[in-house]
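The values are calculated or read from the model by the stated rules, or taken from the named source; none is laboratory data. Because the structure is a prediction, the values reported are computed rather than measured. For neighbour counting, all protein chains shown are included, and Cβ atoms are generated from backbone atoms with ideal geometry for every residue, glycine included.
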Amino acid sequence: MTLLLSVMVTCAGGDAVVLKEKARAAGRYVRLLDLVDGDRLAEPARRGLAPVFLGRAPEEGQSRIITADEVRAELERRGIDPGAFEFSGDRVEVTAGASAGFEDALRSAIAFEIKRHLLEQEASRPDGLAVRVLTLSAVPAAEAEVVLVHPHDSSWTVVLAVQPEGKRMEVEVLVRILRSRDVVMAAREIAPGRALDRADLEVRRVELAEGDPGVSDLPSLLGSTALVRIRPGHPVLPADLRLKPIVRKGEVVRAAGADFEVDARAVEDGGLGVEIALEFLNTKNRFRAKVAAPGQVRVTEEKR
């Protein structure tokens with residue numbers, strides 16, 4: 001009769017190999033760790049048993065019985081003393097298919113490696129960055145280790161070593177990169193037509209995807225008029241406001257382009273995030289730029 005998992009007594013100083021009644025093989029070969037209750041093994045024992053395999057997995061729709069005696073024999077063949085473990089259970093029925101949570105674990109491992117890559121490249125703080133894996137182009141049939149991650153324009157190439165052979169495969173991954181930013185939020189409900197004052201606004205640190213809108217300069221929004229109703233706790237965005245100008249016509253501001261930074265004169269008023277016309281002080285040639293902060297604009301179009 002198959003022993004239940006609960007019927008187990010561990011010898012003093014020994015690790016418990018508690019065989020499940022039923023298990024699923026995640027790949028073409030059956031791992032010993034697929035068959036046992038991993039929570040009953042100490043970490044050193046899990047590492048030692050990780051490379052132990054017990055032959056091929058059954059075909060889809062079929063099953064295979066693996067006995068405790070087969071497990072002991074395989075341990076002996078690999079030079080591992082079965083007597084170092086307290087066995088519980090006498091047989092396991094094995095079917096094919098990835099174990100529950102297999103893909104989630106792979107996504108977590110990929111997200112971790114991408115985050116580590118970004119931190120190394122940018123020297124960022126780990127608490128200011130998060131990675132979410134949205135889609136995988138393929139999921140390996142067996143557990144896999146992330147070997148390499150490489151960014152593209154809108155995706156990442158991930159190289160995996162698929163166990164047990166360590167055969168390499170590449171998958172394309174779409175991810176969402178989140179960064180912690182200070183964002184102005186509504187501290188209370190703001191009705192349309194209301195001119196914003198300090199009590200209406202607060203700054204919170206939140207995770208936003210790259211490219212997501214969000215204003216961090218609270219003073220630049222004061223005195224602007226709400227065009228829509230803004231609920232408490234929602235970001236206060238320039239599109240929801242008639243912005244108070246923070247750059248005035250005739251004012252000299254600092255204009256930053258892709259490879260230059262110069263003084264320029266505003267040709268018109270502009271609120272935060274609004275594109276306005278400016279002119280270079282020396283040539284009077286005009287260009288367009290978005291207002292980034294009081295006294296600062298970012299060039300969007302230039303004519304020298």
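Might you check whether a residue that is crowded, with 18+ Cβ neighbours inside 10 Å and without any contact (Cβ under 8 Å) to a residue 24 or more places away in the chain occurs anywhere in region 230-243?
yes
Please go through region 270-297 and give me each residue that is modelled with pLDDT of 90 or more and at positive phi, ordered by number.
Result: Lys284, Gly295.
Would you check if Glu113 is touching a helix residue (DSSP H, G or I) at 6+ places or on another chain (Cβ under 9 Å), surrounded by 14 or more Cβ atoms within 10 Å (Cβ to Cβ), touching a residue at least 40 places away in the same chain (Cβ under 8 Å) and in the same structural domain as Leu174 (by TED's automatic domain parsing)?
Here the answer is no, as Glu113 does not meet what is asked.
How many residues does region 244-261 contain that are free of Cβ contacts under 8 Å to residues at least 12 places away in the same chain and either of a type in the set (Asp, Glu) or closer than 16 Å to Val274 by Cα (or both)?
Counting residues in region 244-261 that are free of Cβ contacts under 8 Å to residues at least 12 places away in the same chain and either of a type in the set (Asp, Glu) or closer than 16 Å to Val274 by Cα (or both) gives 2.
Take the residues in region 31-51 that are within 14 Å of Ala68 (Cα to Cα) and at pLDDT 85 or above, then tell me which one is surrounded by the fewest Cβ atoms within 10 Å (Cβ to Cβ).
Leu32
Only one of these conditions is not met by Leu196: (1) touching a helix residue (DSSP H, G or I) at 6+ places or on another chain (Cβ under 8 Å); (2) of a type in the set (A, V, I, L, M); (3) surrounded by 16 or more Cβ atoms within 10 Å (Cβ to Cβ); (4) within 30 Å of Leu129 (Cβ to Cβ). Which number is it?
All conditions are met except number (4).
Take Arg181 and tell me if it is exposed (fewer than 14 other Cβ atoms within 10 Å of the Cβ), charged (D, E, K, R), part of a strand (DSSP E or B) and without any contact (Cβ under 8 Å) to a residue 40 or more places away in the chain.
So Arg181 fails the test.
Among the residues of region 244-266 satisfying the criterion of being charged (D, E, K, R) and closer than 25 Å to Val183 by Cα, which is surrounded by the fewest Cβ atoms within 10 Å (Cβ to Cβ)?
Ranking the qualifying residues of region 244-266, first place goes to Arg248.
Kindly state which strands (runs of 3 or more DSSP E) lie completely within region 124-174 and contain at least 3 residues that are within 26 Å of Arg31 (Cα to Cα) and over 13 Å from the mean Cα position of the chain (by Cα).
144-151, 156-162
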